[in-house]
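The structure under discussion appears below in the form of structure tokens.
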Amino acid sequence: MQQLLNGIFIGSIYALFAIGFTLVFGILDRLNLAHPAVFAASAFVGIELVERGGLSLWAALPIVFVFGAVLGLAIERLAFRPLKGRADAHFAGLISSIALAGMFIALLQWRYGPDTRRFPTGSFPDTRFEIAGAQVTLVQVVILAVSLALMVGLTYMVTRTRLGRGMRAVAENPTAARVLGVNVDRVTAITFAISSALGAVAGVLFAINVNTAQLGMGAAIELKGLAVIIVGGMGSLPGALIGGLLLGLAEVFAVQYIGSSWIDVIAFGLLFVILLLRPQGLLGARKVREV
Amino acid sequence: MLDEYATTLTFIALGAIFAYSFYAVLIAGQLSLGQAGFAALSAFAGAYLAPSPTDVGDVPALLIAVAIGMSVGALAAVVLGLPTMHLRGVFLAIATLGFAEAVRVVLTNQEWTGGAQGLGVPRVLTVGMAWLALGLVAYWFWRMGRSRYGRALEAIREDELAARAMGIDVGRHRLAAFVTAGAVAGLYGVLYAYYVRLIAPDDFDFVAAVEGLVTAVVGGSTMFLGPILGSGFQTIVPEIQRAVGVEAGWIRPFLASLLLLVVILFLPGGLASLIRRRTRLPAGAADDARADAGEGPGRGLAGRHHPAAGEPVVSLSGLGKEYGGVHAVRGVDLEIRAGEVVGLIGPNGAGKTTLVNMISGLVPPSSGTATVLGSTIGRTPVHRIAAAGVSRTFQHSKLFNRLSALENVLVGAHLVSRPTFLRRLLWLPSARRDERAALRQAVRCLDRVGLADRAAARAEALSYGDQRRLEIARALASDPSLLILDEPAAGMNHVEAARLSELITSLARDGLTILFIEHNVGMVLQTCTRVVVLNFGEVIASGAPGEIAADPAVIEAYLGSDEDDAGSAGSGATAAGRDAAPPDAVTNLTPGAAGTLDTPDTTPRNPT
């Protein structure tokens with residue numbers, strides 16, 4: 001039971017991270033490899049807000065959300081918009097976002113140094129609950145609640161609002177969307193902002209969960225994020241949620257029953273099998289090629 | 001002097017070789033990150049299995065290890081490639097990345113690899129050997145560039161479907177590119193192992209794979225010098241920063257990343273785009289081609305067997321295609337014989353393109369049987385249908401956009417030209433002869449559609465009408481028995497359309513069987529020997545142009561049943577070049593009347 005809950009907590013963070021990843025891919029057909037850098041940057045910024053700004057953990061979250069959104073706008077402007085209309089936009093977008101990620105990480109190193117950082121002692125409330133014999137901290141409950149709330153909010157926005165309709169239109173066919181009066185550039189920018197904001201919150205939650213932030217933390221989750229969005233289905237939001245939870249659970253149970261050194265083989269073995277049997281992922285729709 | 005920079009130079013060479021393993025697949029439009037896994041397997045296998053340099057000497061030990069490593073890399077690529085080659089783009093990248101990560105974890109957990117501590121390997125590689133290896137790899141890709149194989153890979157990158165229709169076996173070519181990548185990555189792994197003294201599985205992790213990819217793309221993934229330039233750039237930038245006294249810490253990675261961003265944003269095509277790419281048209285090729293004109297397939301080209309006039313080329317019986325309950329094509333019986341020029345007309349959505357897609361093997365039929373030039377449709381892959389002698393153009397141009405007009409047509413000649421890559425590696429004169437033969441064929445085809453003077457232009461830079469004509473030239477280059485044109489005159493102005501009409505007539509005179517879809521009914525009636533009318537997926541009329549123009553069912557399909565409307569819409573176009581047309585024949589039918597948005601017919605007509 002304890003393992004199950006731990007798996008769900010870590011899985012919800014993976015899901016939140018992966019949803020940001022898959023949002024950009026699903027709507028804009030671009031893989032934004034600066035996403036993990038946003039994840040890392042926001043963890044450091046979150047720690048600074050608590051440490052120097054004296055904010056409580058929870059007050060820092062909305063600020064980090066906004067910070068992530070701003071980074072998202074910067075990523076779109078610097079790494080993706082200049083490539084618009086280029087035949088190699090796919091490859092070039094990968095590389096330009098990698099380059100921007102490198103710049104973000106370098107800036108983090110400039111501001112915070114290369115060392116691991118932690119939240120100041122006493123930032124976490126001590127409240128604990130007992131659920132069916134398993135220990136759960138208030139912090140973990142809040143992590144889960146925040147992740148779920150953001151995912152529900154995002155789903156509502158995409159399916160019910162005017163902006164969400166614009167996003168889906170752009171995903172379907174950018175040219176047609178533009179003809180029909182959707183401001184494609186704005187929708188693109190907002191998509192990046194939301195995606196990065198979610199990645200940023202995931203970064204802080206992750207830092208809270210393990211109480212550390214490292215420069216390399218983004219790279220570590222990047223692979224997992226990719227695995228999750230493939231398993232769930234590229235561009236599928238519920239798929240990313242399920243994929244994230246599955247990965248969290250698989251990891252926790254793998255550590256217990258198989259040994260920690262084999263975690264990645266399981267994750268990628270699973271990934272590989274899914275790609276071969278169902279390239280569109282568990283919940284992804286197969287795109288029909290047109291002649 | 002050289003010693004001082006030996007380490008830097010060696011790393012440039014190693015980085016470039018690794019980048020070539022990415023280049024090998026990027027050139028075919030594949031994004032793979034599995035090269036790190038190939039390199040890891042090869043490095044450990046080579047270092048573990050090869051005899052020690054103290055027993056057999058430095059160079060033999062290294063050579064044996066290289067042989068082992070390249071074989072292991074190639075083999076791993078076959079094993080990984082067979083199940084994953086159907087994946088595209090990011091999906092392939094992530095699947096191969098998954099493989100690389102799995103390899104890394106497995107190696108870390110093995111005893112013989114030394115686990116995370118790594119495996120000690122004697123340093124044997126010198127800067128000279130590294131550059132020699134790089135030279136060989138670069139030579140390979142240089143000679144590949146202008147061979148038939150290299151062009152086929154580029155064609156697959158630009159447009160996979162069109163490449164298939166030109167008779168290229170895409171699956172085999174993609175796998176070949178992937179195996180090349182595996183072997184080159186294996187070479188890198190072994191050389192790296194014999195240089196750094198201690199290898200650990202983490203040397204070949206995700207970061208290393210991304211580094212290799214970045215190097216290849218920064219250098220330029222469409223030109224063989226790209227990886228070397230990329231590696232030089234990636235290795236030298238930090239060195240220069242150190243030399244000019246930029247402090248270690250955050251500034252160096254920041255500047256390196258910034259430069260990378262600038263290069264990728266402002267140099268599409270990478271650093272190699274700074275080098276002007278020469279579009280080769282050897283002097284004399286054009287003259288040769290003109291001298292050859294009319295002689296049929298030139299020397300050095302594979303001869304084609306064409307069916308004799310009157311032999312069946314296409315036989316369809318009860319052919320149908322259903323899309324989720326919608327019958328796009330239903331119960332079509334049709335026979336086309338060699339030498340015929342068949343026009344396929346019908347309102348939009350009548351199923352013309354679907355029918356043509358089935359005939360060319362792109363879409364499998366859901367019912368009925370079809371034989372095209374001896375191949376059964378449905379089970380035969382597109383490239384085999386093309387090899388049987390079917391060549392086509394597409395409704396929406398599917399050119400290889402970043403290749404020159406000439407290269408487009410050369411790809412079209414894939415089926416009639418001979419493979420030249422291996423002979424080019426050895427500089428055999430016969431390869432040169434065959435290349436020139438293909439070139440002559442291409443120039444001849446360009447000349448035939450009137451594009452000879454645009455040979456060096458990129459396909460995407462051509463005007464719309466020129467692009468359509470280039471597609472026809474490309475289709476002609478394979479010396480087909482059956483030529484299928486899908487709305488060749490769409491979007492052409494009346495002068496261009498008239499010239500196209502002449503071209504089709506002259507091709508038919510040469511004995512080519514032609515099937516073409518066109519909305520320009522006037523043009524169809526002028527050029528075709530037989531017209532087939534399709535409506536709601538069924539053939540409603542088939543016969544000589546004169547009969548078709550007078551057929552009440554056809555008039556109804558186009559204009560509705562109101563006779564008066566039909567009469568007025570058709571007036572003024574009654575004498576469309578065919579004396580046989582009855583007085584009330586509708587020879588130019590207003591396409592708008594069928595609820596379409598096609599360009600109106602503006603072909604000049606000569607009243608007789």
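For (1) of a type in the set (D, E, K, R); (2) touching a strand residue (DSSP E or B) at 6+ places or on another chain (Cβ under 7 Å), each residue gets a yes or a no:
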| site | (1), (2) |
| --- | --- |
| B:R330 | yes, yes |
| B:E335 | yes, yes |
| B:N348 | no, no |
| B:T354 | no, yes |
| B:L362 | no, no |
| B:S366 | no, yes |
| B:I377 | no, yes |
| B:P381 | no, no |
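So, A:F253, is that one assigned to a helix (DSSP H, G or I), within 14 Å of chain B (Cβ to nearest Cβ) and over 12 Å from the mean Cα position of the chain (by Cα) or not? Criteria not met by A:F253. Quick check: anything in segment B:82-95 within 21 Å of A:E222 (Cβ to Cβ), aromatic (F, W, Y), away from chain A (no Cβ under 11 Å) and surrounded by 18 or more Cβ atoms within 10 Å (Cβ to Cβ)? Within segment B:82-95, not a single residue is within 21 Å of A:E222 (Cβ to Cβ), aromatic (F, W, Y), away from chain A (no Cβ under 11 Å) and surrounded by 18 or more Cβ atoms within 10 Å (Cβ to Cβ). Could you tell me whether B:T380 is part of a loop (DSSP other than H, G, I, E, B), more than 17 Å from the chain's Cα centre (by Cα) and within 30 Å of B:G349 (Cβ to Cβ)? Yes, satisfied.
From the list B:I514, B:I484, which residue is surrounded by fewer than 24 Cβ atoms within 10 Å (Cβ to Cβ), β-branched (V, I, T), modelled with pLDDT of 90 or more and in a strand (DSSP E or B)? Testing whether each residue is surrounded by fewer than 24 Cβ atoms within 10 Å (Cβ to Cβ), β-branched (V, I, T), modelled with pLDDT of 90 or more and in a strand (DSSP E or B) leaves just B:I514. With respect to the stated conditions, A:V210 is of a type in the set (A, V, I, L, M, F, W, C), more than 14 Å from chain B (Cβ to nearest Cβ) and under 21 Å from A:I8 (Cα atoms). Please indicate, with yes or no, whether at least one residue in segment A:137-157 is outside any helix (DSSP H, G or I), within 14 Å of another protein chain (Cβ to nearest Cβ) and not acidic (D, E). Taking every residue of segment A:137-157 in turn, none turns out to be outside any helix (DSSP H, G or I), within 14 Å of another protein chain (Cβ to nearest Cβ) and not acidic (D, E). Scanning segment B:235-256 for residues that are over 21 Å from A:A37 (Cα atoms) and either within 39 Å of the chain's Cα centre (by Cα) or crowded, with 23+ Cβ neighbours inside 10 Å (or both) yields B:T235, B:I236, B:V237, B:P238. With respect to the conditions (1) crowded, with 23+ Cβ neighbours inside 10 Å; (2) modelled with pLDDT of 90 or more; (3) within 14 Å of another protein chain (Cβ to nearest Cβ), A:A74 lacks only one, and its number is (1).
Of the residues A:A89, A:A41, A:A106, A:A99, the single one that is within 11 Å of chain B (Cβ to nearest Cβ) and under 21 Å from A:K224 (Cα atoms) is A:A99. When B:G450 is tested against the conditions (1) at negative phi; (2) out of contact with any Ser or Thr (no Cβ under 7 Å at 6 or more places or on another chain), the lone failure is (1). Taking the condition in a helix (DSSP H, G or I), over 21 Å from B:H414 (Cα atoms), free of Cβ contacts under 8 Å to residues at least 40 places away in the same chain and within 14 Å of another protein chain (Cβ to nearest Cβ), does B:G98 pass? Yes: the conditions hold for B:G98. Given the condition surrounded by fewer than 24 Cβ atoms within 10 Å (Cβ to Cβ) and acidic (D, E), answer yes or no: does some residue in segment B:102-114 qualify? Yes, some residue in segment B:102-114 is surrounded by fewer than 24 Cβ atoms within 10 Å (Cβ to Cβ) and acidic (D, E).
Looking at B:T54, B:T113, which one is away from every other protein chain (no Cβ under 12 Å) and in contact with a Phe, Trp or Tyr (Cβ under 6 Å, 6 or more places away or on another chain)? Selected residue: B:T113, the only one of B:T54, B:T113 that is away from every other protein chain (no Cβ under 12 Å) and in contact with a Phe, Trp or Tyr (Cβ under 6 Å, 6 or more places away or on another chain). With B:A185, B:A177, B:A165 as the choices, which residue is within 14 Å of another protein chain (Cβ to nearest Cβ) and in contact (Cβ under 8 Å) with a residue 60 or more places away in the chain? After ruling out the rest, the residue left standing is B:A165. No other residue among B:R242, B:R164, B:R143 is assigned to a helix (DSSP H, G or I) and closer than 30 Å to B:T380 by Cα apart from B:R164.
From the list A:R81, A:R111, A:R117, the one residue that fits, being more than 7 Å from chain B (Cβ to nearest Cβ), surrounded by fewer than 15 Cβ atoms within 10 Å (Cβ to Cβ) and over 24 Å from B:P268 (Cβ atoms), is A:R111.
Filtered by the rule that a residue be modelled with pLDDT under 85 and assigned to a helix (DSSP H, G or I), segment A:78-91 gives A:A89, A:H90, A:F91. The residue that is nearest to the chain's Cα centre (by Cα), counting only those in segment B:517-533 that are closer than 18 Å to B:N357 by Cβ and at pLDDT 90 or above, is B:I517.
Within segment B:218-251, the set of residues being of a type in the set (V, I, T) and touching a residue at least 24 places away in the same chain (Cβ under 8 Å) comprises B:V218, B:T222, B:I228, B:T235, B:I236.
The values are calculated or read from the model by the stated rules, or taken from the named source; none is laboratory data. Not measured: the values here are computed from a predicted model. So basically every Cβ, Gly included, is an ideal-geometry build from the backbone, and we count neighbours across all protein chains shown.
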